[in-house]
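This report concerns only the one structure given below.
The values are calculated or read from the model by the stated rules, or taken from the named source; none is laboratory data. Computed from a predicted model, the values in this text were never measured in an experiment. Note that we place each Cβ from the backbone using ideal geometry, even for glycine, and neighbour counts take in every protein chain shown.
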């Protein structure tokens with residue numbers, strides 16, 4: 001999972017696109033748990049709030065749902 005820190009595209013949008021592609025390809029199927037914020041932070045080197053913004057983009061698109069205390073799941 002690679003985020004280009006020198007890109008004109010904000011990192012949170014890059015991460016949202018990476019996750020969107022994984023969902024659309026079926027790598028993350030309906031009901032599957034999305035990797036945790038901590039895992040995504042470690043994999044991408046992004047800050048917690050940046051990862052959260054990426055998740056919020058996917059929530060607003062209806063691709064994922066967040067269950068407080070349980071995690072983020074593909075819709």
Item to complete: Output yes when any residue across the range 14-23 is touching a strand residue (DSSP E or B) at 6+ places or on another chain (Cβ under 6 Å) and either buried (at least 19 other Cβ atoms within 10 Å of the Cβ) or more than 14 Å from residue 73 (Cα to Cα) (or both), and no when none is.
Response: yes
Practice prompt. Among the residues of the range 1-52, count how many are assigned to a loop (DSSP other than H, G, I, E, B), touching a helix residue (DSSP H, G or I) at 6+ places or on another chain (Cβ under 6 Å) and under 24 Å from residue 68 (Cα atoms).
Written response: 2
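Tell me whether the range 34-57 contains one or more residues that are more than 20 Å from residue 3 (Cα to Cα) and at pLDDT 95 or above.
Of all residues in the range 34-57, those more than 20 Å from residue 3 (Cα to Cα) come to none.
The answer is no, given that none of the residues of the range 34-57 is more than 20 Å from residue 3 (Cα to Cα) and at pLDDT 95 or above.
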